[in-house]
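J.: Could you have a look at this structure, given as structure tokens, before my questions?
The values are calculated or read from the model by the stated rules, or taken from the named source; none is laboratory data. A quick note: this is a predicted structure, and the numbers were derived from the prediction, not measured. As a convention, Cβ positions derive from the backbone with ideal geometry for all residues, glycine included, and neighbour counts pool all protein chains shown. The accessibility values were calculated without ligands, DNA or RNA, using every heavy atom of the protein model including side chains. Shrake-Rupley method; radii C 1.70, N 1.55, O 1.52, S 1.80 Å.
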Amino acid sequence: MPTVASIMAELKKKGKESTRKIYARHGMATENMYGVSVADLKVIAKTIKGQQALACELYETGNLDAMYLAGMVADGSKMSAKELNAWADGAANLQMIAEYTVPWVTMENSRARELALQWMKSKKERVACAGWCTYSGLVATKPDDALDLAEIESLLRAVVKGIKGAQNRVRYTMNGFVISVGSYVKPLSKQAKAAARQVGAVSVDVGDTACNVPLATAYIEKIEAAGRVGEKRKTIRC
């Protein structure tokens, strides 16, 4: 039976310094990570699928590889709001966890929208990022008639008003929210494009990388040109 100790030993064995350096260039804290590739993590995830308690214990190690693996295995619908808040708080200095892992599991929870709105207001950068990414996930996967369109329109206005003064990665995730609304919520396509024009180019420190911040107007126009506006995703998990 797999244990935290046995999984951590396997992660350590599969870790690579080259992967750690890639994460470091993206601005993540690498002191507590082995540098396991996502491909290797997926293989391990299959061996512990459905082991909720183990997933939660792995997240609590604070090791990035283990935390990302935990997000692949955990069922967010079985987690309490207290547990999800702890996951969001635990993602400090780890954008990969805040912007992917935490939203993945939160999306599966009945309180996802409530938590997203709560986190967006946080002064903690990673928590706020988790909030915007979670809500982006909701608009990408939920039918339009299951969304609060007035609330989403209000959030678009909040992005326009607050993005310039927001923290670094929060700017990135706010921009992503505008793109998500413009891409997935057909009734608000016009409003999202208007917000994108007002936001314009967003400046974000992406570390020592060649990564670019998507221009929301161009991204939405590309989706429009392909005739894919309003096409929902089944999941936001990678």
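J.: As an exercise, take the mean of 1/r over every pair of distinct alpha carbons in the stretch 54-210, invert it, and state the Kirkwood radius in angstroms. Could the numbers behind the result be given before it?
T.: Details: mean 1/r = 0.0636 Å⁻¹.
Final number for the Kirkwood radius of the stretch 54-210 is 15.7 Å.
J.: While we're looking at this one, here's another question. What does the C-alpha gyration tensor say about the overall shape of the stretch 73-131? Classify as rounded when a/c is under 1.5, otherwise prolate if a/b is larger than b/c, or oblate. Walk me through the numbers on the way to the answer.
T.: On the way: a/c = 1.86, a/b = 1.30, b/c = 1.43.
Since a/c reaches 1.5 but b/c is at least a/b, the shape of the stretch 73-131 is classed as oblate.
J.: Using mean Cβ contacts within 10 Å as the protection proxy, how do 144-156, 118-130 order, highest first? Write down the numbers at each step before the final one.
T.: Details: 144-156: 14.7, 118-130: 20.4.
Highest mean packing first, the order is 118-130, 144-156.
J.: Let me ask something else. Given the peptides 23-31, 174-182, 219-227, arrange them by the average over their residues of other C-beta atoms within 10 Å, most packed first. Could you put the intermediate results ahead of the total?
T.: Values: 23-31: 15.9, 174-182: 26.4, 219-227: 13.9.
Going from most to least packed, we get 174-182, 23-31, 219-227.
J.: What part of the accessible area of the chain, given as a whole %, is carbon or sulfur when the probe is 1.4 angstrom?
T.: Values: 6000 of 11700 Å².
Solvent-exposed carbon and sulfur of the chain make up 51 percent of the total.
J.: Same structure, new question: Going by the alpha-carbon gyration tensor, a ≥ b ≥ c the square roots of its eigenvalues, is the stretch 9-97 rounded (a/c under 1.5) or, if a/c is not under 1.5, prolate (a/b greater than b/c) versus oblate? Walk me through the intermediate numbers first.
T.: Working: a/c = 2.35, a/b = 1.30, b/c = 1.80.
Judged from the Cα gyration tensor, the stretch 9-97 comes out oblate (a/c at least 1.5, b/c at or above a/b).
J.: How many angstrom lie between the Cα centre of the stretch 170-237 and the Cα centre of the stretch 96-159?
T.: Cα centres, the stretch 170-237 to the stretch 96-159: 15 Å.
J.: What shape does the stretch 128-193 take by its C-alpha gyration tensor, where a ≥ b ≥ c are the square roots of the eigenvalues and a/c under 1.5 counts as rounded, a/b above b/c as prolate, and the rest as oblate?
T.: It comes out prolate by the Cα gyration axes.
J.: Excluding residues on the same chain fewer than 8 positions from residue 222, give the aspartates and glutamates whose Cα lies under 14 Å from its Cα.
T.: Once the sequence-local aspartates and glutamates are set aside, what remains near residue 222 is 231.
J.: What is the chain's relative contact order, in percent, from Cα pairs under 8 angstrom and six or more apart in sequence? Provide the component values of the computation, followed by the final result.
T.: Details: 351 pairs, mean separation 35.3, N = 238.
Once normalised by length, the contact order is 15 percent.
J.: By how many degrees, 0 to 90 and rounded to 10, does the Cα axis of helix 149-162 deviate from the longest principal axis of the chain?
T.: Here the helix axis deviates by roughly 90 degrees.
J.: Just from its helices, what would the mean residue ellipticity at 222 nm be for the chain, if runs of 4 or more DSSP H residues each count -39500 (n - 2.57) and the sum is divided by every residue, rounded to the nearest 500 deg cm²/dmol? Mind dumping the intermediate values first?
T.: Working: 13 runs with 141 residues, N = 238.
Roughly -18000 deg cm²/dmol at 222 nm, from the helical runs in the chain.
J.: Kirkwood hydrodynamic radius (Cα pairs, Å) of the stretch 42-140? Walk me through the numbers on the way to the answer.
T.: Values: mean 1/r = 0.0772 Å⁻¹.
Result for the stretch 42-140, one decimal place: 13.0 Å.
J.: Before I look further, what does the chain give for accessible area per residue, probe 1.4 Å, in whole square angstrom?
T.: 49 Å²
J.: Let me know the charge dipole size of the stretch 148-238 about its Cα centre in debye, to the nearest 20, where only the beta-carbon of Lys, Arg (+1) and Asp, Glu (-1) is charged.
T.: About 160 debye.
J.: Could I ask something else about it? Tell me the chymotrypsin sites (Phe, Trp or Tyr not before Pro) within the stretch 78-116 that lie in a loop according to DSSP and have at most 15 other beta-carbon atoms within 10 Å. The partial results should precede the final answer.
T.: Working: sites: 87, 100, 104; in loops: none.
For chymotrypsin sites (Phe, Trp or Tyr not before Pro) across the stretch 78-116 that sit outside H, G, I, E and B with at most 15 neighbouring Cβ atoms in 10 Å, the list is empty.
J.: Take the cross-link list 123/234; 193/234; 21/121; 124/161; 161/186; 121/164 and give me the ones stretching past 26 Å between alpha-carbons. Intermediate results must be reported in sequence, preceding the final value.
T.: Details: 123/234 31 Å; 193/234 24 Å; 21/121 32 Å; 124/161 19 Å; 161/186 23 Å; 121/164 15 Å.
With Cα atoms farther than 26 Å apart: 123/234; 21/121.
J.: From the backbone phi of the stretch 78-87, what are the Karplus-calculated ³J(HN,Hα) couplings (6.51 cos²θ - 1.76 cosθ + 1.60, θ = phi - 60°) in whole Hz, Gly and Pro given as x?
T.: In residue order, the calculated couplings are 9, 9, 7, 4, 4, 5, 5, 4, 5, 5 Hz.
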